[in-house]
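What follows draws every value from the coordinates through simple rules; no lab data is involved. These numbers were taken from a predicted model, which means no experiment stands behind them. Counting neighbours? That spans all protein chains shown, and the Cβs are built from the backbone with ideal geometry, glycine included.
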Amino acid sequence: MLGAVESGDILDLDITGVAHGGVFVARHPDGGSGPGRVVFVPDAIPGERVRVRLTDVGKASFWRAEAVEVRDASPHRRPHVWRQADISVAPSERPGGADFGHIALGHQRELKREVMRDALQRIGRLDLPTTIEGPLPVQDQDGSVSAEESADGTRWRTRISLHVDADGAVGPFAARSHRVIPVADHPLATEAIERAALRASGGSPGRIDLVQPADGHVRAIARPEASRPGRGGRRTAAPADPRTALDVVEERVGARRFRVDAGGFWQVHRLAAWTLTRAVTDALHAALPEGLDPEAQHLDLYGGVGLLAAAVADLGGPATRIVSVESDPRATEHAGENLAEWVGARAETSRVDRYLRTLHETASAGERARLSRGAIVLDPPRSGAGGDVVEAIAGIAPAAVVYVACDPRRPGPRPGHLLRARL
Ligand SMILES: C[S@@+](CC[C@H](N)C(=O)[O-])C[C@H]1O[C@@H](n2cnc3c(N)ncnc32)[C@H](O)[C@@H]1O
């Protein structure tokens with residue numbers, strides 16, 4: 001029988017697996033007869049033996065710990081790409097947001113594939129093949145590569161958020177905390193964003209978003225904290241300075257250009273818009289070997305400024321009928337402009353669940369038939385599409401569904417539909 005275990009205890013544990021959310025799994029014997037209590041540990045790698053400090057032993061189902069030293073290192077360990085996030089730094093001084101930076105790039109992908117496989121099997125009860133690829137190199141029309149991933153997986157963020165605390169300190173939050181810690185570099189950000197981040201100075205407490213669109217110039221969007229606390233007593237970011245947030249910038253995907261508000265949604269990784277365009281195109285090719293029917297009705301749900309609607313419409317040609325559905329009216333306005341070359345393309349401002357409910361209630365037999373011959377692409381925010389939306393899509397029974405997901409654990413499609421995930 002082991003003595004009582006408390007927060008602050010130091011233990012050596014074997015890391016046996018990877019979990020969702022950038023943490024790893026160890027087991028503590030805990031006096032029980034089963035496989036032991038799950039302990040979630042960041043900054044480790046499966047196969048390692050790690051010295052940890054327990055930080056939360058209050059829950060019956062799992063505990064949390066922080067890694068303080070590697071006792072037996074994995075061959076996949078490398079010095080963290082963000083020196084300040086390295087295991088040699090005190091856990092409270094490590095910045096968050098680069099959870100796999102201590103792992104060789106190829107092995108990071110292998111671990112993400114494992115997270116995805118586990119989510120599909122355990123939560124979705126789906127036994128589907130899972131593959132993880134890196135971002136695709138962007139090729140110009142002559143076949144030359146104009147942008148590709150760095151060898152160590154750094155310098156990809158075209159958008160970052162910094163925080164300003166009450167003393168005017170500016171920086172990221174420390175891992176798993178809301179404490180601002182100043183840092184000396186930002187290796188995941190593009191070099192221009194890093195320069196702007198290191199120049200950023202305090203001001204009112206809140207957030208500063210740095211955005212580098214295709215023209216290369218960095219925009220700084222100040223989002224000071226609202227003066228009154230929001231729900232739950234937490235202070236929320238007030239609306240951004242409208243002059244910068246509503247500044248219209250241009251993004252490029254191959255030869256195609258997209259207008260978007262500087263403070264509006266655009267994919268963060270500099271190769272993501274291109275990679276997702278290619279992934280959706282490939283998935284539709286595979287699902288529709290006869291080709292996309294331009295006369296059918298296609299939908300791009302959670303469409304933003306029309307990135308994936310353009311990918312679908314490129315496949316169907318100039319007459320493709322597609323509706324991009326998006327809740328932000330400014331994004332919808334841009335989607336209307338970005339999709340102007342397709343006469344059958346429309347952008348609608350609506351919540352997706354309401355749009356699908358109205359469609360269900362009002363669509364004529366002809367519209368239903370066109371929808372069932374069409375493709376539905378959906379790319380919801382991290383919270384997922386939700387059961388109602390997934391049920392509504394299943395009710396339409398379209399010819400193909402491509403689900404682009406930030407989080408593999410959120411409600412997804414049913415067996416038989418195609419799944420593509422962004423990790
Ligand atoms: C992950 S982004 C995808 C945008 C687009 N597919 C792209 O890749 O640029 C999700 C989008 O859904 C929008 N959104 C969030 N909740 C929504 C809802 N309930 N109904 C419609 N749009 C929503 C957000 O404003 C955001 O533009």
Sparse-neighbourhood loop sites, GluC sites (Glu not before Pro) in the stretch 291-354 - DSSP loop, at most 13 other Cβ within 10 angstrom: 295, 341
Full-extension gain in nm, residue 287 to residue 365, via 0.36 nm per residue minus C-alpha separation: 25.6 nm
Longest DSSP-loop-exposure-free segment, trypsin sites (Lys or Arg not before Pro), the chain, at most 11 other Cβ within 10 Å: 235-381
Rh (Kirkwood; distinct C-alpha pairs) - the stretch 155-226, Å: 12.2 Å
Radius of gyration and Dmax over the Cα atoms of the chain, both given in Å: 23.3, 73
Zero-based 5 Å bins, Cα pair distances in the stretch 253-421, whole percents: 1, 9, 19, 24, 24, 15, 6, 1, 0
For the stretch 55-205, alpha-carbon Rg over 2.2 N^0.38 Å: 1.26
Two-site label geometry, residue 255 and residue 59: point separation in nm, points 7 Å out along Cα→Cβ: 5.1 nm
Largest-first principal axis extents, alpha carbons of the stretch 15-92, Å: 39, 26, 22
Efficiency of FRET between residue 328 and residue 73 - r from beta-carbon atoms, R0 41 angstrom, step 0.05: 0.35
Order of 160, 10 - criterion: other Cβ atoms within 10 Å of each residue's Cβ, fewest first: 10, 160
Tilt relative to the chain, helix 272-287 - C-alpha long axis, 0 to 90 degrees, to 10: 60 degrees
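Quick check: net charge around residue 6, other residues with Cβ under 12 Å of its Cβ, Lys/Arg +1 and Asp/Glu -1? All intermediate terms of the calculation are to be shown ahead of the outcome.
Details: positive: 53; negative: 9, 56.
So the surrounding residues net to -1.
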Mean ellipticity per residue at 222 nm, deg cm²/dmol - from DSSP H runs of n ≥ 4 across the chain, formula -39500 (n - 2.57): -6500 deg cm²/dmol
In nm, spacing of pseudo-spin labels at residue 14 and residue 200 (7 Å Cα→C-beta vector): 4.3 nm
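Can you say what percent of the DSSP beta bridges in the chain, counting only those with both residues inside, are antiparallel? Round to 5.
DSSP beta bridges in the chain are roughly 65 percent antiparallel.
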Label-to-label distance, nm, for residues given as residue 351 and residue 246 (7 Å Cα→Cβ offset): 2.4 nm
The stretch 177-218 residues near the modelled residue 169 label - backbone nitrogen below 13 Å, point 7 Å along Cα→Cβ: 177-184
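In what sequence do 163, 269, 298 fall when counting other Cβ within 10 Å, fewest first? Don't skip to the end; give the middle numbers.
Numbers: 163 20, 269 17, 298 30.
Fewest-to-most ranking of 163, 269, 298: 269, 163, 298.
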